[in-house]
Amino acid sequence: MTQTLTIPRPDDWHLHLRDGDMLRAVLPETARHFGRAIIMPNLVPPVVRSDEAAAYRDRILSALPKGMAFEPLMTLYLTENTDPDDVAAAHASGLVKAVKLYPAGATTNSASGVTDFDKVRPVLEKMAEIGLPLCTHGEVTDHDIDIFDREAVFIDRVLDPIRRATPGLRVVMEHITTKNAADYVASQDKDLGATITTHHLIINRNHILVGGIKPHYYCLPVAKREEHRIALRAAATSGDPRYFLGTDSAPHTDENKIAPCGCAGCFTAPNTMSLLAHVFEEDGALDKLAAFASQNGPAFYGLPISGETLTLTKQDTAVAFPENIDTPDGPVTVFDPGYDVFWKVA
Ligand code: DOR
Ligand code: ZN
C-alpha cells in the first residue's frame, strides 16, 4: 500500500539564495516545494538598508520562473551603523520580516557584522518596541574559544545578556546545533524560537571527519557530537511550537567547497522535504512534520499558515536525487544523507 502524507505547503525560515546566476539556478529548487522563505542578507556587499532589501526582493522575484509562486521574506543585515528608523520603516511597510545578527567574522560574508553589541542597542530596543524578530547566528568568534564550543558560549556571553537587557525582543536562534541551545529554548518563554536545519538532524561531526574529510558536510555552525544531534531530533520532532525548519541551504560551487580553504554550507533545498519525512518517520513522528515544516514558523512570525498543501508519497525504490545542480559558475553538489530515502514529493 502506498503511504502518503499531506501537509500545508512548507516554508523555509532560513535560506541563502545568493544573487545573479546562482540565484537563478537555485531559486527553483526552493520554490518547487516551499511557499515562503526568510532570505539571508549575507551578500557581497550585505543587504543592510531597506532600499537594498527592496532591490534584492525585486531581483529574487524576477529570477522566479514563470508559473512558480514563491514569497521571499526579506531580512536586514545588522551592522553597528544600522539606523533604527530605517529598520522601523522597513518593518512598517511589510518589506522586512527580521533583522539578522552576525557576530563579525563568524561565517561567510560576515565581516560587516557586530563586534560591539552595545552599539546595536538602539536598534534592538526599537525592534522590541515594534515586534520585529532578531535572527541570530549564535557563535562567538573569540580565537580562544574552541569551534565546537562557540554556540554554547554565545548563549551565555551574548544572547542571554541581550535578552535580559531587552525585554520583549523576539529572537530566533538560527540553525541550532547543540543540546545546550535546544535546552535554552525549552527553558525560555514564547519570545524565543529556534530554527533547525535538515542536515543537522542527519550528520554529526564524525560524518565530516572520519574516513577522510567531507567538504560537503562542512557548514557553520559545524555539526557537533552525536548526543547533540539526538537532542536536535527530539526538539524538531516534538511538535513544540518554538522549533521550526530553517534549512540554511547554502549553495557554493564545488570549486569553492573542495579547496584548501573550503566554504561552509550544505545545499539541501532540492531534497529537504524527502529527507525530513525520512527522519520524522524514523523517529515515529510523521504526524509532527507539519508542525515543524509548515505551522510553527508562521505562528512565530505572525503569518498565516499556507492554504496550499504538499504531498509526499513513500515509494518502494529509493528516490534518485540529482547529484548536483548545474550553474554558470559550476556545479553545486546536493546534500547526500549517506543512505537511501523513499519519500518523494508528489
Ligand atoms: O554553513 C553556512 N553557510 N553557515 C552560515 O552561517 C553561512 C552560510 C553561507 O552563507 O554559505
Ligand atoms: Zn545561514
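Mind telling me which of the residues VAL120, VAL87, VAL114, VAL96 ends up being among the β-branched types (Val, Ile, Thr), under 21 Å from ASP11 (Cβ atoms), over 16 Å from the mean Cα position of the chain (by Cα) and open to solvent by less than 10 Å² (accessible area, probe 1.4 Å)?
Just a single option satisfies the conditions, and that option is VAL96.
Tell me, which residue of the range 1-31 that is in a strand (DSSP E or B) and under 15 Å from the mean Cα position of the chain (by Cα) is nearest to ligand 2 (Cβ to nearest atom)?
Ranking the qualifying residues of the range 1-31, first place goes to HIS14.
Could you please let me know if VAL222 is within 16 Å of ligand 1 (Cβ to nearest atom), open to solvent by less than 40 Å² (accessible area, probe 1.4 Å) and assigned to a loop (DSSP other than H, G, I, E, B)? So that I can check it myself, show each step before the final result.
Values: within 16 Å of ligand 1 (Cβ to nearest atom): yes; open to solvent by less than 40 Å² (accessible area, probe 1.4 Å): yes; assigned to a loop (DSSP other than H, G, I, E, B): yes.
Considered against the rule, which asks whether it is within 16 Å of ligand 1 (Cβ to nearest atom), open to solvent by less than 40 Å² (accessible area, probe 1.4 Å) and assigned to a loop (DSSP other than H, G, I, E, B), VAL222 comes out as yes.
Condition check ((1) free of Cβ contacts under 8 Å to residues at least 40 places away in the same chain; (2) assigned to a helix (DSSP H, G or I)) across all residues:
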{"position": "LEU232", "(1), (2)": "no, yes"}
{"position": "PHE244", "(1), (2)": "no, no"}
{"position": "ALA269", "(1), (2)": "no, no"}
{"position": "ALA291", "(1), (2)": "no, yes"}
{"position": "GLN295", "(1), (2)": "no, yes"}
{"position": "PRO304", "(1), (2)": "yes, no"}
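Give THR166, THR178 a once-over and let me know the one that is surrounded by 15 or more Cβ atoms within 10 Å (Cβ to Cβ), under 21 Å from the mean Cα position of the chain (by Cα) and polar (S, T, N, Q).
None of the others qualify; the one that does is THR178.
For the range 1-24, enumerate the residues that are open to solvent by 20 Å² or more (accessible area, probe 1.4 Å), away from ligand 1 (no atom under 13 Å from the Cβ) and not hydroxyl-bearing (Ser, Thr, Tyr).
Result: MET1, GLN3, LEU5, PRO8, ARG9, GLY20, ASP21, ARG24.
With respect to GLY246, is the statement that it is within 19 Å of LYS179 (Cβ to Cβ) and touching a strand residue (DSSP E or B) at 6+ places or on another chain (Cβ under 6 Å) true?
The answer is yes for GLY246.
For the range 57-66, indicate whether the set of residues that are open to solvent by 40 Å² or more (accessible area, probe 1.4 Å), over 23 Å from HIS137 (Cα atoms) and either among the hydrophobic types (A, V, I, L, M, F, W, C) or in contact (Cβ under 8 Å) with a residue 40 or more places away in the chain (or both) is non-empty. Walk me through it before giving the result.
Kept after step one, since they are open to solvent by 40 Å² or more (accessible area, probe 1.4 Å), are these residues of the range 57-66: 57-59, 61-62, 65-66.
Next cut, over 23 Å from HIS137 (Cα atoms) only: 58-59, 61-62, 65-66.
Of the ones still in play, those that are also either among the hydrophobic types (A, V, I, L, M, F, W, C) or in contact (Cβ under 8 Å) with a residue 40 or more places away in the chain (or both) are 59, 61.
Within the range 57-66 (the criterion being open to solvent by 40 Å² or more (accessible area, probe 1.4 Å), over 23 Å from HIS137 (Cα atoms) and either among the hydrophobic types (A, V, I, L, M, F, W, C) or in contact (Cβ under 8 Å) with a residue 40 or more places away in the chain (or both)), the answer is yes, since at least one residue qualifies.
When the range 133-153 is examined, which residues are found to be within 16 Å of ligand 1 (Cβ to nearest atom), surrounded by 15 or more Cβ atoms within 10 Å (Cβ to Cβ) and farther than 20 Å from ALA98 by Cα?
Result: VAL140, THR141, PHE148, ARG150, GLU151.
The values are calculated or read from the model by the stated rules, or taken from the named source; none is laboratory data. Bear in mind that the values here come from a model prediction, so they are computed numbers and not experimental data. Note that we place each Cβ from the backbone using ideal geometry, even for glycine, and neighbour counts take in every protein chain shown. In case anyone asks, the SASA skips ligands and DNA or RNA and just uses the protein heavy atoms, side chains included. Shrake-Rupley method; radii C 1.70, N 1.55, O 1.52, S 1.80 Å.
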